[in-house]
Amino acid sequence: MQFGFTEGLSMLIAAFLVSECKSESKHVTLKPLYMIAVDSQTAFDVVSHIILLDKLYECGIHPKLWSIVKDLYTDMSSKIKWKGEISDKFPIQQGVRQGGVLSTHLYKVYINNVLNELMKIGNIYTSTPTCADDTALLSDDFEDLQIMLNTVLRNAKQDRVPIHPTKTNAVILNKGKTVRKNLQWNVGTTCITPTNQTKHLGIIRAEIKENNVKCRG
């Protein structure tokens, strides 16, 4: 479900899957489609080097390749230049190298566990279309969606990836009269309730026909 940084795939395919799920819920299953757009901190900057090395080892990477990655990310440091002055060096213990050939592959390994786990929840096989750190959770069952959200939060805590509860939005696509009122989901100690619209991959997803939604500023 990771459509970023993968040859032959793109964010448009991830967006297309959301549209297809919405269409299927409207014309085939005749159920509302619940969607939560998860807002997490910038992808590449939060990768913990220690956790990354553990994940590479668990996925069975060749020991020599593992050692090369370990050498690349051991004892990393940086300095800041400001107005002609250079600071003392300080250690860097997280983040993959910007522009590095391996960086996108290492990030995909870093978040692969949670995407695999999410695909096993609920009835929708394409329930987590993702591009980099931009993830949509889709389900036709609001309780399953809470389980998916709990899974994201648990993995985020383990991987030290901050989730912004106030920027994580929910919307009900193909909302019908049978949808229970006062629905809410929990993001840790924060409750989120459905809004009229949200964005995923820069595309507005709304209760009403999306081409009738007026863009805001």
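Say whether the condition of being under 19 Å from the mean Cα position of the chain (by Cα) and open to solvent by 50 Å² or more (accessible area, probe 1.4 Å) is met by at least one residue in segment 49-72.
Checking segment 49-72: not a single residue is under 19 Å from the mean Cα position of the chain (by Cα) and open to solvent by 50 Å² or more (accessible area, probe 1.4 Å).
Of everything in segment 119-154, what is in contact with a strand residue (DSSP E or B) (Cβ under 9 Å, 6 or more places away or on another chain), over 13 Å from Ser25 (Cβ atoms) and among the acidic types (Asp, Glu)? Give them in sequence order.
Residues satisfying the conditions are Asp133, Asp134, Asp144.
Here is a check on your reading of the model: is Asn116 closer than 13 Å to Leu52 by Cα and either at pLDDT 90 or above or open to solvent by 50 Å² or more (accessible area, probe 1.4 Å) (or both)?
no
When the residues of segment 2-43 are narrowed to those that are under 16 Å from the mean Cα position of the chain (by Cα), open to solvent by 50 Å² or more (accessible area, probe 1.4 Å) and of a type in the set (A, V, I, L, M, F, W, C), which ends up farthest from Leu145 (Cα to Cα)?
Phe5
Where residues in segment 119-161 are open to solvent by less than 50 Å² (accessible area, probe 1.4 Å) and charged (D, E, K, R), which of them is farthest from Phe16 (Cα to Cα)?
The qualifying residue farthest from Phe16 (Cα to Cα) is Asp159.
Only one of Val101, Val109 is touching a Cys at 6+ places or on another chain (Cβ under 8 Å) and farther than 19 Å from Ser19 by Cα. Can you tell me which?
Going through Val101, Val109 in turn, the sole match is Val109.
In segment 125-215, which strands (runs of 3 or more DSSP E) lie fully inside it and hold 2 or more residues that are hydroxyl-bearing (Ser, Thr, Tyr)?
134-139
Mind checking which residues of segment 42-75 are in a helix (DSSP H, G or I) and in contact (Cβ under 8 Å) with a residue 24 or more places away in the chain?
Once the filter is applied, which keeps residues that are in a helix (DSSP H, G or I) and in contact (Cβ under 8 Å) with a residue 24 or more places away in the chain, segment 42-75 yields Phe44, Asp45, Val46, His49, Ile50, Ile51, Leu52, Lys55, Leu56, Val69, Leu72.
Residue-wise test of (1) surrounded by fewer than 18 Cβ atoms within 10 Å (Cβ to Cβ); (2) in contact (Cβ under 8 Å) with a residue 40 or more places away in the chain; (3) within 25 Å of Leu9 (Cβ to Cβ).
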residue	(1), (2), (3)
Arg180	yes, no, no
Trp185	no, yes, no
Leu201	no, yes, yes
Arg205	no, yes, yes
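Just checking, does segment 25-41 include any residue being more than 30 Å from Asn169 (Cβ to Cβ), outside any strand (DSSP E or B) and not small (Gly, Ala, Ser)?
No: segment 25-41 contains no residue that is more than 30 Å from Asn169 (Cβ to Cβ), outside any strand (DSSP E or B) and not small (Gly, Ala, Ser).
Any idea which residue in segment 164-177 is modelled with the lowest pLDDT, counting only those that are under 19 Å from Ala206 (Cβ atoms) and open to solvent by 100 Å² or more (accessible area, probe 1.4 Å)?
Lys177
Taking segment 96-119, which residues are more than 16 Å from the chain's Cα centre (by Cα) and either of a type outside the set (Ser, Thr, Tyr) or not in a helix (DSSP H, G or I) (or both)?
Val96, Arg97, Gln98, Gly99, Gly100, Val101, Leu102, listed by residue number.
Just for segment 142-178: of the residues that are of a type in the set (Lys, Arg) and in contact (Cβ under 8 Å) with a residue 60 or more places away in the chain, which one is nearest to Met119 (Cα to Cα)?
The selected residue is Arg160.
The values are calculated or read from the model by the stated rules, or taken from the named source; none is laboratory data. In this text, all values refer to a predicted model and were calculated from it rather than measured experimentally. All Cβ positions, even for glycine, are placed from backbone atoms using ideal geometry, and neighbour counts span all protein chains on display. In case anyone asks, the SASA skips ligands and DNA or RNA and just uses the protein heavy atoms, side chains included. Shrake-Rupley method; radii C 1.70, N 1.55, O 1.52, S 1.80 Å.
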